[in-house]
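Worksheet: one structure, shown below.
The values are calculated or read from the model by the stated rules, or taken from the named source; none is laboratory data. Note that this is a predicted model, so its numbers are computed, not measured. Every residue, glycine as well, gets a Cβ built from its backbone with ideal geometry; the counts of neighbours run over all protein chains shown.
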Amino acid sequence: MRLKRTAISAAVLAAALAGPAWAQQPKDWGKRAKPDVEDSVAKVDRPACPLCATAVDRVITAAAIEYELDTDYKVVKASFNVYPYVLTACPKCSYATYSANFHKELTTDDKKALEEGLDEVRKEFKSEWEIPISHVIRAAGASHRALKSEAGTLYEIYLLGSYLAREAADATAERDMQRRAIEHLVLAIEKEEKFQTPKNRYMAGEIHRRLGNYKQALEWYAKAKLGADELLTKIVTRQEAQTREAMDPKKPPKK
């Protein structure tokens, strides 16, 4: 089942979108292409990296696109794929964060924390267009862990990573990203008021289902129904049924 809508903002996409050692070095998932589109779809500017002062191309995407959603709210049909541009990474120092915030100044303490925290991922590239997409996600996760960002921010980064890994058909990396995402989402639901919503409880169930954690999925689906509107209740009910079918060894699970 997929969810259909008509428009979405780049800010909503970024919000619909987080440390242990990586299970394996992920594939590069390809590299981002500099958008060759009209200004109404995406704009490129060149702010200075707030950590090392390198000038970096940054893509700011348009406000509205056509789309279709998968059951974990991944956009599967759009006039322009914004996912590769939600984050911006510096090709020199690997500092990475949301594109909309990349220009913001860092404190002295922030810079010190990043210099230490980025050791695990720091690499130099000729330009931002040479940085593998998988490295952008790893760099953003390392940057926000170093900055001690809230769990919800890391959840969104790793959820975005799971989407990009799926687009690259890297199933191993997708599951790794989903495990990181659910770890931080559960913490965010516990500690951050803005994440204490039926939709986020549903997302906890859906990520668990995709990981094969069916018991946990059903527990979170039940919690999601509390306060859910009619549409979300229908979605949760359908996903509950699919999960129970997957738990029955006599029936092959549905995709």
| remark: Taking region 73-87 and keeping only residues that are charged (D, E, K, R) and over 19 Å from Tyr158 (Cβ atoms), one is left with Lys77
| Where residues in region 208-252 are in contact with a Ser or Thr (Cβ under 8 Å, 6 or more places away or on another chain) and in a helix (DSSP H, G or I), which of them is farthest from Arg179 (Cα to Cα)? | Ile235
| Among (1) modelled with pLDDT under 90; (2) more than 19 Å from Ala33 (Cα to Cα), which single condition is Asp72 missing? | (1)
| Count of region 86-116 residues which are within 12 Å of Ala139 (Cα to Cα) and within 20 Å of the chain's Cα centre (by Cα) | 9
| task | Only residues that are farther than 22 Å from Tyr202 by Cβ and among the polar types (S, T, N, Q): list them for region 166-190, please. | result | Thr172
| said: Among the residues of region 187-206, are any crowded, with 17+ Cβ neighbours inside 10 Å, within 20 Å of Lys31 (Cβ to Cβ), in contact with a Phe, Trp or Tyr (Cβ under 8 Å, 6 or more places away or on another chain) and not β-branched (Val, Ile, Thr)? | reply: no
| task | Take the residues in region 140-152 that are in a helix (DSSP H, G or I) and over 16 Å from Ala89 (Cβ atoms), then tell me which one is nearest to the chain's Cα centre (by Cα). | result | Gly152
| field | Ser127 vs. criteria small (Gly, Ala, Ser) and touching a Pro at 6+ places or on another chain (Cβ under 8 Å) | value | yes
| task | From the list Ile157, Ile137, Ile131, pick out the single residue that is buried (at least 17 other Cβ atoms within 10 Å of the Cβ), over 26 Å from Tyr202 (Cβ atoms) and within 19 Å of the chain's Cα centre (by Cα). | result | Ile131
| request: Return the pairs, sorted by first residue and then second, in which the second residue is at pLDDT below 85 and assigned to a strand (DSSP E or B), the first residue lies in region 54-65 and is in the same structural domain as Tyr95 (by TED's automatic domain parsing), the beta carbons are less than 6 Å apart, and the residues are 6+ apart or on different chains. | output: Val59/Ala42; Thr61/Ala42; Ile65/Ala78
| said: Among the residues in region 163-172, are any buried (at least 18 other Cβ atoms within 10 Å of the Cβ), under 30 Å from Tyr95 (Cβ atoms) and outside the structural domain of Lys92 (by TED's automatic domain parsing)? | reply: no
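Would you mind finding the one in Tyr95, Tyr85 that is touching a Pro at 6+ places or on another chain (Cβ under 8 Å) and either modelled with pLDDT under 95 or surrounded by fewer than 19 Cβ atoms within 10 Å (Cβ to Cβ) (or both)? I'd like the intermediate steps shown before the answer.
On the way: Tyr95 fails: either modelled with pLDDT under 95 or surrounded by fewer than 19 Cβ atoms within 10 Å (Cβ to Cβ) (or both).
From the options Tyr95, Tyr85, the qualifying one is Tyr85.
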